[in-house]
Amino acid sequence: FITTPIFYVNAPPHIGHVYSAVIADAAHRFQVLLGHQETVFSTGTDEHGNKIQEAALQSGSPLPQYCDHISQQYRTVFQSCDVGYTDFVRTTEERHKTEVHKFWNILQAGGHIYTGTYSGWYCTPDEAYGCLYKVSAESGHRVEWTDEENFIFRLSSFQDDLLHWLRKERSVYPAKFRHQLIHFVSNSELLRDVSVSRPRERVHWGIPVPGAPHQTIYVWLDALVSYMTVAQSRWWPPDLQVVGKDILKFHGVYWPAFLIAAGLEPPRSLLCHSHWTVDGEKMSKSKHNVIDPLECIGKYTTSGLRYFLLREGVAHSDGNYSETKAIRILNSELADSLGNLLNRCTATTLNPGHIFPKFCQHSFNTYCDSADASRLVDMVSALPDLVKEHFEVCNFYKGIDSVIQTLHVANRFFESQKPWELCKKNLSPHLNSVLNLTMETLRVCGILLQPIVPALSDALLGKLRISKDKRMWRDVRPLSWEQGRLCDIPISDEKITLYRRIIIPKT
């Protein structure tokens, strides 16, 4: 059970939202490749709260239509980015409202909610109370003093439970974010009881509190329960929840406390990732530098955008989006290292029979006894386990880097063997050894890259005529030199361009 956060519909999606989604999608696809048939991958939209009221008012649209419009934009973008979720949840759905009321009643029956006066600085853009600041310590947004009668959750009573959960190594990762949460939870001055409702006169766009319709349920409690709306108790607890660092406190403190109070297990793992800057600056509407994912797809293709985000994004530090850098990486790695190698070893001039030659140990020993060949065999042999190790903890950039390093060695091997000369001299055994090792490297890389660039991998494996039922992780082995095939295999004679180089317009 893998989740993205549900995304707030106060504005259209940008690449930061897509980054969360493609991390979760890659994790989901990886689990499917490992053979886990029953996997759930949920995403969705968070549609209640003061900020939505204000955004709808500014747009001139009625609230329901406004939410429908922005929520559909998320669906459209995710579909365009090959984000293959199994469930899309909206907090305005009746199934979700029912689940929120059920969860509220469990907390209240357990004595975890009481009525009281809540005073503090409230930040509408964050939908959160600050500490003692007139500017939100977390986002820098302006806060206003709020003094109101609310329902309050006994968060402070869960300090020991939270610390027990947080001290598990993989409860929250990377470790820097887990340490931040431990510091917060350990400080009793910070871990105070939290308001879980707002007066309806202030926030009318929300789910009413059961038995107290003059109050609406706090937007974050409402939103967090969306994961339970999807699970319906069948898939609990979530195996992986992907969140951005701006919502870490809500998922790493409030959420596990709510669940423990309700007698449920906290998530097995939270993956917290950092943000994207643009040319070194924070993304913001005021700077007019918010990156539209659909525009990126128009420039780089879906595979290009996914590859760049997962190649360059690291969870522990902010990534920097630069069009120049994106084009350089995509041209160098997808068009050249991967695409050009496929084109060369399947070209009619070198491979007129359009075959994936069988492996011949004698020919290989005779003709490919070189350091490049030996190194390539070693790297391809080790690659599946190495990539798996990285993908299991969502270090996709490290897995991709291992694949690219292998492809660099494959390209050097191919160049050093000069297959165009072997073809002219009609040295078929030698040429077939070169083609086999090169194509086997491409087959392995194509299978391993499926979570990252599913469409591009499908095109590569299709060119090599690797059947759909032979693309699971277990199908990587045996490698051709581990168990030689008895015959050549025909490949597709269709000419394809795996990834077209991006031409930078001259100014």
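The values are calculated or read from the model by the stated rules, or taken from the named source; none is laboratory data. Everything numeric here is computed off the predicted structure, so don't read it as measured data. Methodologically, a virtual Cβ is constructed for each residue, glycine included, from the backbone with ideal geometry; neighbour enumeration extends over all protein chains shown. Heavy atoms of the whole protein, side chains included, go into the accessibility calculation; ligands, DNA and RNA do not. Shrake-Rupley method; radii C 1.70, N 1.55, O 1.52, S 1.80 Å.
If I ask for residues that are within 30 Å of His390 (Cβ to Cβ) and surrounded by fewer than 16 Cβ atoms within 10 Å (Cβ to Cβ), which ones from the range 140-165 would you list?
Start the filter on the range 140-165 by keeping residues that are within 30 Å of His390 (Cβ to Cβ), which leaves 162-165.
Answer for the range 140-165, where residues must be within 30 Å of His390 (Cβ to Cβ) and surrounded by fewer than 16 Cβ atoms within 10 Å (Cβ to Cβ): Leu163, His164.
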> What tally of residues in the range 298-322 results from selecting those that are of a type outside the set (Lys, Arg), part of a helix (DSSP H, G or I) and within 21 Å of Ala27 (Cβ to Cβ)?
Replying inline: 9
> Any residue in the range 166-182 that is loosely packed, with under 14 Cβ neighbours inside 10 Å, within 30 Å of the chain's Cα centre (by Cα) and not in a loop (DSSP other than H, G, I, E, B)?
Replying inline: yes
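Can you pull out every residue in the range 90-99 that is more than 14 Å from Leu259 (Cβ to Cβ) and either in contact with a Gly (Cβ under 7 Å, 6 or more places away or on another chain) or touching a residue at least 40 places away in the same chain (Cβ under 8 Å) (or both)?
Hits for the range 90-99 are Arg90, Thr91, Thr92, Glu93, Arg95, His96, Lys97.
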> What number goes with the only condition from (1) touching a residue at least 24 places away in the same chain (Cβ under 8 Å); (2) surrounded by fewer than 22 Cβ atoms within 10 Å (Cβ to Cβ) that Thr229 does not pass?
Replying inline: (2)
> Are there any pairs, at least 6 apart or on different chains, whose C-beta atoms fall under 8 Å, with the first in the range 272-293 and open to solvent by 30 Å² or more (accessible area, probe 1.4 Å) and the second modelled with pLDDT under 85 and β-branched (Val, Ile, Thr), and if so, which?
Replying inline: none
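Pick out the one residue from Ala371, Ala315 that is over 23 Å from the mean Cα position of the chain (by Cα), aliphatic (A, V, I, L, M) and open to solvent by 10 Å² or more (accessible area, probe 1.4 Å).
On the way: Ala315 fails: over 23 Å from the mean Cα position of the chain (by Cα).
Exactly one of Ala371, Ala315 is over 23 Å from the mean Cα position of the chain (by Cα), aliphatic (A, V, I, L, M) and open to solvent by 10 Å² or more (accessible area, probe 1.4 Å), namely Ala371.
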> Can you name the residue in the range 323-348 that is touching a helix residue (DSSP H, G or I) at 6+ places or on another chain (Cβ under 9 Å) and closer than 24 Å to Gly16 by Cβ and is also most open to solvent (accessible area, probe 1.4 Å) among such residues?
Replying inline: Glu323
> Could we say that Asn105 is assigned to a helix (DSSP H, G or I), open to solvent by 10 Å² or more (accessible area, probe 1.4 Å) and under 29 Å from Val196 (Cα atoms) here?
Replying inline: yes
>> With the requirement that a residue be assigned to a loop (DSSP other than H, G, I, E, B), in contact (Cβ under 8 Å) with a residue 40 or more places away in the chain and open to solvent by 40 Å² or more (accessible area, probe 1.4 Å), what does the range 468-480 give you?
In response: Arg477
>> Anything in the range 482-493 that is touching a helix residue (DSSP H, G or I) at 6+ places or on another chain (Cβ under 8 Å) and either closer than 18 Å to Gly446 by Cα or aliphatic (A, V, I, L, M) (or both)? List them, or say none.
In response: Ile491, Ser492
> Which condition does Arg465 not pass, out of (1) open to solvent by 10 Å² or more (accessible area, probe 1.4 Å); (2) within 20 Å of Gly353 (Cβ to Cβ); (3) in contact (Cβ under 8 Å) with a residue 60 or more places away in the chain; (4) in contact with a helix residue (DSSP H, G or I) (Cβ under 7 Å, 6 or more places away or on another chain), if it passes all the others?
Replying inline: (4)
> Can you name the residue in the range 233-263 that is free of Cβ contacts under 8 Å to residues at least 40 places away in the same chain and either more than 22 Å from Asp161 (Cβ to Cβ) or touching a Pro at 6+ places or on another chain (Cβ under 6 Å) (or both) and is also surrounded by the most Cβ atoms within 10 Å (Cβ to Cβ) among such residues?
Replying inline: Leu259
> Residues of the range 183-205 being surrounded by fewer than 21 Cβ atoms within 10 Å (Cβ to Cβ) and either outside any loop (DSSP other than H, G, I, E, B) or basic (Lys, Arg) (or both), which ones?
Replying inline: His183, Phe184, Ser186, Arg192, Pro199, Arg200, Arg202
> Between a first residue in the range 369-389 that is within 12 Å of Val434 (Cα to Cα) and without any contact (Cβ under 8 Å) to a residue 60 or more places away in the chain and a second residue that is open to solvent by 40 Å² or more (accessible area, probe 1.4 Å) and charged (D, E, K, R), which pairs have beta carbons less than 8 Å apart while being 6 or more apart in sequence or on different chains?
Replying inline: Asp372/Arg412
